[in-house]
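Quick notes on the structure that follows.
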Amino acid sequence: MQALEQQGFTGDTATSYADRLTMSTDNSIYQLLPDAVVFPRSTADVALLARLAAEPRFTSLIFTREAAVLARMARR
């Protein structure tokens, strides 16, 4: 999350348990609790997410269609 802020991400982020739980499932029976959830505000935010995901330290990022859900974010 810090890397997003440093790079100029303008969207919203959510790390509370309630927000992460809300985004952890769709209409299926499967649930994966993310470490964080991001809500890009622009195409520039989406491009920033893609650039960061390409960096070796973030190879464990997982994006889903429900939102840009970052699961198992690499920790420094």
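Structural remarks
- Count of residues meeting criterion [over 23 Å from residue 51 (Cα atoms) and of a type outside the set (A, V, I, L, M, F, W, C)] in segment 6-19: 3
- In the set (1) modelled with pLDDT of 90 or more; (2) surrounded by 12 or more Cβ atoms within 10 Å (Cβ to Cβ), the condition left unmet by residue 55 is number (2).
- The residue that is modelled with the highest pLDDT, among those in segment 4-27 that are among the hydroxyl-bearing types (Ser, Thr, Tyr) and part of a helix (DSSP H, G or I), is 17.
So that you can scan it fast, the table gives a plain yes or no per residue for (1) of a type in the set (Val, Ile, Thr); (2) free of Cβ contacts under 8 Å to residues at least 40 places away in the same chain:
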| site | (1), (2) |
| --- | --- |
| 1 | no, no |
| 5 | no, yes |
| 8 | no, no |
| 14 | no, yes |
| 17 | no, yes |
| 22 | yes, yes |
| 28 | no, yes |
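- So residue 76, is it among the charged types (D, E, K, R), at pLDDT 90 or above and either in a loop (DSSP other than H, G, I, E, B) or surrounded by fewer than 16 Cβ atoms within 10 Å (Cβ to Cβ) (or both): no
The values are calculated or read from the model by the stated rules, or taken from the named source; none is laboratory data. Computed from a predicted model, the values in this text were never measured in an experiment. All Cβ positions, glycine included, derive from the backbone under ideal geometry; neighbour counts span all protein chains shown.
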